[in-house]
Amino acid sequence: MKPSTAVLLAALCLPALLRAHEGHDHAPVPGETDAGLGGPIVLSEPTRRNLGLQTHEAELAEIRPALTVPARLTVVPERNARITGAVDGRVTRLDVKLGQNVKRGQVLAEILPLAIGTRPLELTAPLDGVVLRINAAPGQGFKPEDVLLEVADLSSLLAEGLLSQTPELLKFELGQPGRVVLDAGPAVEGRIDRIDPSANAETNTLRAYVLVPNPDGKLRVNLTGKLVLSYGEAQMATIIPARAVLGDLGRSFVFVETEPGTYERREVVTGIRAGERIEIIDGVVPGEVVVTLGNYQLQFIPPAKKAAEPVKSAPAPAPAK
């Protein structure tokens, strides 16, 4: 086979190999490929760019044990007002829009009770906040139990997390730190503000709520993400992003960038995981750079070949005496 043909076949087979392993983050096993096991991987700048490689420097920082659960932002109940007409009636005027900021006492709508001889009444905001819901329109009839408008103070929100009955459950207390990592935004720090006093009898779960500040109003009700609840004492450790670690079956590894374009696969021993960060007990030291994006693809790229050693010639026979 000509060299050019071999190169072409290799280029065609590599994408197929990557697709065959899509969805797995485990190390290659015997019979699949020995990529990354025999030496450093050396990549050109265009190849690094095509793979979208990203790196992060390991750092010495504090970390605390943490539990990560799905989370949803919700309003603080005591800062949320649902406004009704209190009687049978009809809406005659609506003075606000959805999402509008209102002040306490501001007129929101006008209603006309159905009782004969009554005058129109004004519905006002009971607190400073944002119009969260409108279930009213001019001419619409309503009952006493119908919620016409909802106004909420969104200067702070609660991140609601569902906790299972695990040993960590008894370690959480009011006032402990919590971190909300939103799917649509940055992480927000807060503290545990309330915990259900009893577990749900059907699901054996309970809810914990972390109060997070929202002074600029960018956080929105019902946004989802992860709630990271810390417990125990903080300790100094070598920390890297958790996404840098690959492997399974008790064997974990990372790719360390030893110099620009050169990557070394290295087995690691992991410790505490707190949200998106993980402790490295052995294998990486602070200051070393690990691959955080594109590391999955790296495990299937063949290492650089070592240069062949020159063949030593046999020593010349000694001249006969």
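One table, with the values for the structure above:
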{"read-out": "Which numbered condition residue 192 misses (of (1) in contact with a Leu (Cβ under 8 Å, 6 or more places away or on another chain); (2) not in a strand (DSSP E or B))", "value": "(2)"}
{"read-out": "Qualifying residue in the stretch 206-215 (condition: surrounded by fewer than 15 Cβ atoms within 10 Å (Cβ to Cβ), in a strand (DSSP E or B) and in contact (Cβ under 8 Å) with a residue 24 or more places away in the chain)", "value": "yes"}
{"read-out": "1 or more residues over 30 Å from residue 166 (Cβ atoms) and open to solvent by 60 Å² or more (accessible area, probe 1.4 Å): qualifying strands (runs of 3 or more DSSP E) within the stretch 66-146", "value": "80-84, 89-94, 121-124, 129-134"}
{"read-out": "Residue ID - modelled with the highest pLDDT, chosen from residues in the stretch 273-321 that are acidic (Asp, Glu) and open to solvent by 60 Å² or more (accessible area, probe 1.4 Å)", "value": "282"}
{"read-out": "Out of 152, 208, sole residue that is over 30 Å from residue 93 (Cα atoms) and among the small types (Gly, Ala, Ser)", "value": "208"}
{"read-out": "Residue check for residue 218: among the basic types (Lys, Arg) and either part of a strand (DSSP E or B) or open to solvent by less than 50 Å² (accessible area, probe 1.4 Å) (or both)", "value": "no"}
{"read-out": "Condition check for residue 185: of a type outside the set (A, V, I, L, M), assigned to a loop (DSSP other than H, G, I, E, B), without any contact (Cβ under 8 Å) to a residue 60 or more places away in the chain and closer than 30 Å to residue 89 by Cα", "value": "no"}
{"read-out": "Residue in the stretch 98-105 that is without any contact (Cβ under 8 Å) to a residue 24 or more places away in the chain and not aliphatic (A, V, I, L, M) present", "value": "yes"}
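The values are calculated or read from the model by the stated rules, or taken from the named source; none is laboratory data. This is a predicted model, so every value here is computed, not measured. Note: ideal-geometry Cβ built from the backbone for every residue, glycine included; neighbour counts use all protein chains shown. The accessibility values were calculated without ligands, DNA or RNA, using every heavy atom of the protein model including side chains. Shrake-Rupley method; radii C 1.70, N 1.55, O 1.52, S 1.80 Å.
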